[in-house]
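This report concerns only the one structure given below.
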C-alpha cells in the first residue's frame, strides 16, 4: 500500500512496522535496534492489560513528538532525511505497536488481554490516521520539501516520494475542511468495523455435539482428545476438526450439520458489520471522487484498475474451465455410499472434501491420514528449516526457555551462516486452541531497519500462526500434506520479513504492492511437490523411513485434481470479494451470490444462505483484492520454473540470486522489475 492507505493497512491488516519504548532523536539514524538478542524477543510483547495501555501511551507520545519535530523544521532546511525519511520512520515505529496488538488480539489465550488489545488497537488506528494519514500540516511540509528540493532523488527515494504524494492527494488531503472532516470520520469508522469483523470471528465459540455413531470414519485418537458430554463428543469449529469431519466422516448428516455450524461462525453479528463496512467504504470512495471502493482500493496495486482484474479473472476462468469441469466429472463418476447428488444432479458443498478424499484413496492410493504419519510436526519443522538453511545460506537455532503468550510458542533465531550475524527472529505458534485466530497466517511485526544509513540492518521479527492438530496419547502431532503446504506458505511470508530490506522502513519486509504480497510464500509452496524435497522431508514417526518413491509419485499425481477443485473455489472467492465492493450501498448479498453462481459452473448445489460471508475474514482485510492469490501465483510459478531449471531447489547460488533480486528489496521496487531482474529479461515480459 502507498501513501494514505499505508498506515491503516499496516495496523489493521498486519503489514506494519515499528514499536514503543523509544525516545526519538533528531537524527533518525541515531536509534538503536529494538531487538538485540533472544532476551529482547521474550520481552517484546506486553504481558498484562496494564502494560498494553502504558505501552500505547508511550507510543502515542513518541509519535506525536516526532511529528511535531518534523513540522517545526523551517521550510528552507527541509531535507529528505529530516522530513520524508523521518516521517516514514515515525510511522513505522508507531506501526509496530499496532502489530504487537494484532498478535495479542488474535493469539493470546487470555480474554482480558485480547479485549484490551482490541481496545488499544482502535485507539492506535485513530491516532495513526490523524498523525500520518490525514495530517494537512504534514502534507504541506512535504510540499515544502518538494519545492526546495527540485533535483532528482535516487530512484528508490524518488519513486517513494511520488507515490506518497499521489496517495495523500488521492486520499483527500486537498479536500475542503467539511469534506476532509467527513473523510476522517469515515476512515475511523472503517477501521473500527474492520477490527470488529475480525474480533467477532476470533471470539466465536461455536461447538456441536455428536454421538460416536455419528462420527464413523474419524480417527479414534482424535476423538478421544476431544471434550465429551452426555451426548458424546463436543467438537470445536476449528481447522483440525473441520478437516477431520469433512474429510473422513462417512455420515452425510454429520458432515452437513457440522459444515453449517462451521460456515455460520460470527453469524449473525457480522452480517450487520459487513453491510456497514461495505456502505461506509462506498461512501468514502464517492467522497474521494471514485465510483466504488473497489476502484479506489486497487489504485496502487499492480493491476491498478477494476476492469483489469475482471479481465484477469475472466481469462483464468476461460483457460481453466475444461480442466475444472474434468476434475469435477472425475469425482462425480464414483460416488461413495454417503454422497448423493441432488435432484438436479449437483453435489452438496458439505460432501466435496469427503468425495475428494474418497477419490484419492480409491483411485490414486493416497490416504491422507497415512501420509500424515510421515510428517510429524517436530521433524517437519526441522526439515523445513534444513531446506531453507541450504537454499538461503542461513542457520536457524531454536531458543529454549522463553515466556511468550502460550507455552507452545517457540522462538527461532536466524543467522547468516557465513559470519553468524543474527538478522532476525521467527516465533511459531502452530497448534489450534480455543479463542485463537483460526486462519493460518504470518504477522510481520518488526522490519529489518537500518540505523547507519543502510550499512547494516537490525534484526526483524515475524510470527507464524498455524492451527494444526496437537499430539494425542498415542501419536505425536502429525501434519497432512496440505498442512505441510500451508506451513511452507506461511513460513515463506516470514522469510520475506527477514530478508526484505529497504531504506524506507514502511517498505521493508512484505510491504510490497498488494497483489505481489503472496508471491514469495506461494513460491515456497512449490517445494513440497518436488520428489527430492518430499524424500528429504517425509519421515515416518515410528519407523523413521522416508516416503517411498511409489508413494511420492502417487502423491504428486493428486496435485492436478486438488488444484482444479481449489481453483474453482478461489475464483468464486475472488469474484465475491470484488463484487461486494463495486459501486452501490445496501447490497443484496443473496442476489450477488446467486448472480455469481449462475455465471459459474454450477457443479455444487446453490446455497442461498449468506452465513459463510460472516467468517470470510478477507472481506475486511483484503477487501476487493482476494484476486491477489491467483494473480500472485502466476508470478510465483515463473520464478519457480527459473529456479528449477537453473540450479534447483537446494542451490545456494540460486537462493542468493532470489534474495538479492527480489526478497531483499522489500517493497522498494516495482514487482515487475524485480522479477525481470531475477529472470534476466525485460519487465514487459513479466505476465
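Points to keep in mind about this one:
- Count - residues of segment 334-357 that are out of contact with any strand residue (DSSP E or B) (no Cβ under 8 Å at 6 or more places or on another chain) and without any contact (Cβ under 8 Å) to a residue 12 or more places away in the chain: 2
- Residue 663 vs. criteria under 21 Å from the mean Cα position of the chain (by Cα), within 25 Å of residue 164 (Cα to Cα) and either buried (at least 18 other Cβ atoms within 10 Å of the Cβ) or modelled with pLDDT of 95 or more (or both): yes
- Residue, modelled with the lowest pLDDT, within segment 35-56, restricted to residues that are part of a loop (DSSP other than H, G, I, E, B) and touching a helix residue (DSSP H, G or I) at 6+ places or on another chain (Cβ under 7 Å): 35
- Among the residues of segment 590-617, those that are free of Cβ contacts under 8 Å to residues at least 60 places away in the same chain and assigned to a helix (DSSP H, G or I) comprise 590, 591, 592, 593, 594, 595, 596, 597, 598, 599.
- Among the helices (runs of 4 or more DSSP H) confined to segment 188-300, the ones with at least 2 residues that are at pLDDT 95 or above are located at 239-248, 252-263, 269-287, 293-297.
- Flag if residue 620 is part of a helix (DSSP H, G or I) and in contact with a strand residue (DSSP E or B) (Cβ under 8 Å, 6 or more places away or on another chain): no
- Checked against the criterion of being without any contact (Cβ under 8 Å) to a residue 60 or more places away in the chain and either crowded, with 18+ Cβ neighbours inside 10 Å or assigned by TED's automatic domain parsing to the domain that holds residue 114 (or both), the candidates 461, 446, 479, 430 yield just one match: 430.
- Residue that is at pLDDT 95 or above and out of contact with any helix residue (DSSP H, G or I) (no Cβ under 8 Å at 6 or more places or on another chain), where the choices are 430, 356, 385: 385
- Filtering segment 52-84 to residues that are surrounded by fewer than 19 Cβ atoms within 10 Å (Cβ to Cβ), within 30 Å of residue 441 (Cβ to Cβ) and touching a residue at least 12 places away in the same chain (Cβ under 8 Å) leaves 53, 58.
- Residue, nearest to residue 305 (Cα to Cα), within segment 497-543, restricted to residues that are in contact with a strand residue (DSSP E or B) (Cβ under 8 Å, 6 or more places away or on another chain) and in a helix (DSSP H, G or I): 521
The values are calculated or read from the model by the stated rules, or taken from the named source; none is laboratory data. On a predicted model such as this, the values are computed, not experimentally measured, just so you know. When we count neighbours, we look across all protein chains shown, and the Cβ atoms used for this are built from the backbone with ideal geometry, even at glycine.
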